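The values are calculated or read from the model by the stated rules, or taken from the named source; none is laboratory data. Computed from a predicted structure; not experimentally measured. Heads up, the Cβs are rebuilt from the backbone with ideal geometry, glycines too, and the neighbour counts pull from every protein chain shown.
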Amino acid sequence: MQSPSPSGQNSKHSDTKNISGLNLQGTSCPMAFVKARLYLDQKYNGDVIEILYDNTAANEPLIRSIQSLGHTIISHTKRIEPSVTTTQHNNLNPHSARKIQLNKAIIQVKK
């Protein structure tokens with residue numbers, strides 16, 4: 001059995017950072033949820049994850065879906081600083097570019 005580190009995590013992964021991040025800018029649900037779930041499945045119980053994602057109607061169910069998996073939402077900040085300008089549909093038409101605000105969620109992994 002692994003001995004716990006001072007932070008209470010197993011020494012097996014004590015060399016990892018306290019908070020890791022997942023950037024889902026430009027990704028909408030359901031794919032944003034799929035990517036988040038795959039990422040969270042690779043983490044250990046008790047790990048803390050920061051997820052950045054676009055503040056769009058398509059992503060409204062993202063946090064609720066992550067929570068339904070049993071993970072704990074530590075904090076959820078809506079409409080933080082705008083991301084870089086993104087272009088809808090293609091990168092060839094600069095007139096379709098717009099700023100998309102981000103949401104940030106801090107999640108504790110539960111397994």
Residue that is assigned to a strand (DSSP E or B) and at pLDDT 95 or above, where the choices are ILE63, ILE80, ILE73
ILE73
Where a residue in the stretch 23-52 is touching a residue at least 40 places away in the same chain (Cβ under 8 Å) and part of a helix (DSSP H, G or I) and its partner, wherever it lies, is β-branched (Val, Ile, Thr) and surrounded by 13 or more Cβ atoms within 10 Å (Cβ to Cβ), with Cβ under 8 Å and at least six apart:
LEU40/ILE49; LEU40/ILE66; LEU40/ILE107; LEU40/VAL109
